[in-house]
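To keep things clear, I will list the structure first and then write my remarks on it.
The values are calculated or read from the model by the stated rules, or taken from the named source; none is laboratory data. Note that this is a predicted model, so its numbers are computed, not measured. With ideal geometry, Cβ positions are generated from the backbone for all residues, glycine too; neighbour counts draw on all protein chains shown. Ligands, DNA and RNA are excluded from the accessible area calculation, which covers all protein heavy atoms including side chains. Shrake-Rupley method; radii C 1.70, N 1.55, O 1.52, S 1.80 Å.
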Amino acid sequence: MRLSAKADYACRAMAELASSPPPVKAERLATAQEIPLKFLENILLNLKHSGLVESQRGGDGGYWLARSASEI
């Protein structure tokens, strides 16, 4: 089965979020998974609109899973 780069990056970002204490900054996700930051930001926005990820802006902000990893 072939996955698009976008789907591959989304799966990798979700796995990283599941294994990291929240919140996780997009820059950290991009560095840890070697994903271009601008591309990752678009993916995270899509995941947020899908209800899989939540986010908070600001210095203490970042991204986290909307539900526990076992529910997703």
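Give Ile72, Ile35 a once-over and let me know the one that is out of contact with any Gly (no Cβ under 7 Å at 6 or more places or on another chain) and modelled with pLDDT of 95 or more.
After ruling out the rest, the residue left standing is Ile35.
Here's a check for you: in segment 37-72, which residue that is open to solvent by less than 50 Å² (accessible area, probe 1.4 Å) and in a loop (DSSP other than H, G, I, E, B) is nearest to Ser4 (Cα to Cα)?
In this case the residue turns out to be Leu52.
Starting from residues that are among the basic types (Lys, Arg) and outside any loop (DSSP other than H, G, I, E, B), keep the ones in segment 1-36 and report whichever is farthest from the chain's Cα centre (by Cα). Walk me through it before giving the result.
At the first step, the residues of segment 1-36 found to be among the basic types (Lys, Arg) are 2, 6, 12, 25, 28.
Next, from what is left, pick out any that are outside any loop (DSSP other than H, G, I, E, B): 6, 12, 28.
Details: Lys6: 12, Arg12: 8, Arg28: 10 Å.
Checking each candidate, the answer is Lys6.
Within segment 15-35, track down each residue that is surrounded by fewer than 19 Cβ atoms within 10 Å (Cβ to Cβ) and either in contact with a helix residue (DSSP H, G or I) (Cβ under 7 Å, 6 or more places away or on another chain) or touching a residue at least 60 places away in the same chain (Cβ under 8 Å) (or both).
Narrowing segment 15-35 to residues surrounded by fewer than 19 Cβ atoms within 10 Å (Cβ to Cβ): 15-16, 18-23, 25, 27-28, 31-34.
Those that are surrounded by fewer than 19 Cβ atoms within 10 Å (Cβ to Cβ) and either in contact with a helix residue (DSSP H, G or I) (Cβ under 7 Å, 6 or more places away or on another chain) or touching a residue at least 60 places away in the same chain (Cβ under 8 Å) (or both): Glu16, Glu27, Ala32, Gln33.
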